[in-house]
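Below is one structure, written out as structure tokens; comments come after it.
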Amino acid sequence: MKLSSTEPINSKTMKKAAGLVIFRRLCGEIQYLLLKASYGSFHWSAPKGHVDPGEDDFTTALRETKEEAGYDEKDLIIHQNTPITLNYEVKGKPKIVIYWLAELRNPNQEPILSEEHTELKWLGLKAAKECVGFKDNQVMIDKFHEMILTQEKRQQS
Ligand SMILES: Nc1ncnc2c1ncn2[C@@H]1O[C@H](COP(=O)(O)OP(=O)(O)OP(=O)(O)OP(=O)(O)OC[C@H]2O[C@@H](n3cnc4c(N)ncnc43)[C@H](O)[C@@H]2O)[C@@H](O)[C@H]1O
């Protein structure tokens, strides 16, 4: 389900985070960046994090990407008009996470990880979906992938 990024939330009952699904084109393949958490269930996700009080979602996505992957806005081509929002529960509390799609301009620029992650992977569509595991996350990657392919077709025609 997609929500407006300006939808009001009750920060006491709902967690909110924002991030970027970053891809690169390398050796004829579209590859997605995933990071492994250094805590909790050691889950894999795109760079993202908690929206600070008073911060807008997109600013959070940029800040967290810089903190967790070392990429600046200038390193990326961001599809700002097509965010996708995931809704799930963490420890019994609802959480929403807003993601934007972003292409890494220089596919050879490797991420710089923070202490929040121990590993990174660049994965093609199938492997990326297997790695994130969660169905809603997989559907999101499929949707972003479709956007990339549609844009490629438009540019070729
Ligand atoms: N257990 C822990 N132990 C120690 N420190 C911790 C901690 N959890 C958080 N922290 C601290 O919090 C900071 C992270 O904060 P932030 O960096 O600000 O926020 P975040 O990425 O949204 O946090 P998190 O990784 O917890 O969220 P996610 O929704 O992916 O993941 C949250 C949970 O939801 C699950 N999940 C992820 N995506 C899901 C989905 N689509 N559907 C259902 N569950 C999902 C994950 O497997 C995971 O279990 C870290 O620096 C760390 O210090």
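Restricting the stretch 36-46 to residues that are open to solvent by less than 30 Å² (accessible area, probe 1.4 Å) and among the hydrophobic types (A, V, I, L, M, F, W, C) leaves a set whose member that is farthest from the ligand (Cβ to nearest atom) is Ala46. Flag set for Asn87, criterion: part of a strand (DSSP E or B), modelled with pLDDT of 95 or more, open to solvent by 60 Å² or more (accessible area, probe 1.4 Å) and closer than 17 Å to Asp136 by Cα. Filtering Met147, Met140 for residues that are part of a helix (DSSP H, G or I) and open to solvent by less than 50 Å² (accessible area, probe 1.4 Å) leaves a single hit, Met140.
Checked against (1) under 16 Å from Trp122 (Cα atoms); (2) without any contact (Cβ under 8 Å) to a residue 40 or more places away in the chain, Leu76 passes all but condition (2). Yes or no: Val21 of a type in the set (Val, Ile, Thr) and surrounded by 15 or more Cβ atoms within 10 Å (Cβ to Cβ)? When the stated conditions are applied, Val21 passes them.
Could you please let me know if Ala61 is modelled with pLDDT of 95 or more, over 19 Å from Ala128 (Cα atoms) and open to solvent by less than 20 Å² (accessible area, probe 1.4 Å)? It is true that Ala61 is modelled with pLDDT of 95 or more, over 19 Å from Ala128 (Cα atoms) and open to solvent by less than 20 Å² (accessible area, probe 1.4 Å). Looking across Gly49, Gly54, one residue alone is open to solvent by 60 Å² or more (accessible area, probe 1.4 Å) and within 16 Å of the ligand (Cβ to nearest atom). It is Gly54.
Taking the numbered list (1) in contact with a His (Cβ under 9 Å, 6 or more places away or on another chain); (2) part of a loop (DSSP other than H, G, I, E, B) in turn, Gln109 passes all entries but (1). In this structure, Val132 does not qualify as open to solvent by less than 50 Å² (accessible area, probe 1.4 Å), within 12 Å of Gly19 (Cβ to Cβ) and not polar (S, T, N, Q). Here Tyr88 does not fit the description of being touching a residue at least 40 places away in the same chain (Cβ under 8 Å), within 25 Å of Glu146 (Cα to Cα), within 14 Å of the ligand (Cβ to nearest atom) and in contact with a Pro (Cβ under 7 Å, 6 or more places away or on another chain). Of the residues making up the stretch 111-129, those that are open to solvent by less than 100 Å² (accessible area, probe 1.4 Å) and under 15 Å from Ile30 (Cα atoms) are Lys121, Trp122, Leu123, Gly124, Leu125, Ala127, Ala128, Lys129.
When you look at Glu103, is it among the charged types (D, E, K, R), part of a helix (DSSP H, G or I), touching a strand residue (DSSP E or B) at 6+ places or on another chain (Cβ under 8 Å) and crowded, with 17+ Cβ neighbours inside 10 Å, yes or no? Judged against the criteria, Glu103 is not a match.
The values are calculated or read from the model by the stated rules, or taken from the named source; none is laboratory data. Small disclaimer: the values here were computed from a predicted structure and weren't measured. As a convention, Cβ positions derive from the backbone with ideal geometry for all residues, glycine included, and neighbour counts pool all protein chains shown. Note: areas computed on protein heavy atoms with side chains; ligands, DNA, RNA excluded. Shrake-Rupley method; radii C 1.70, N 1.55, O 1.52, S 1.80 Å.
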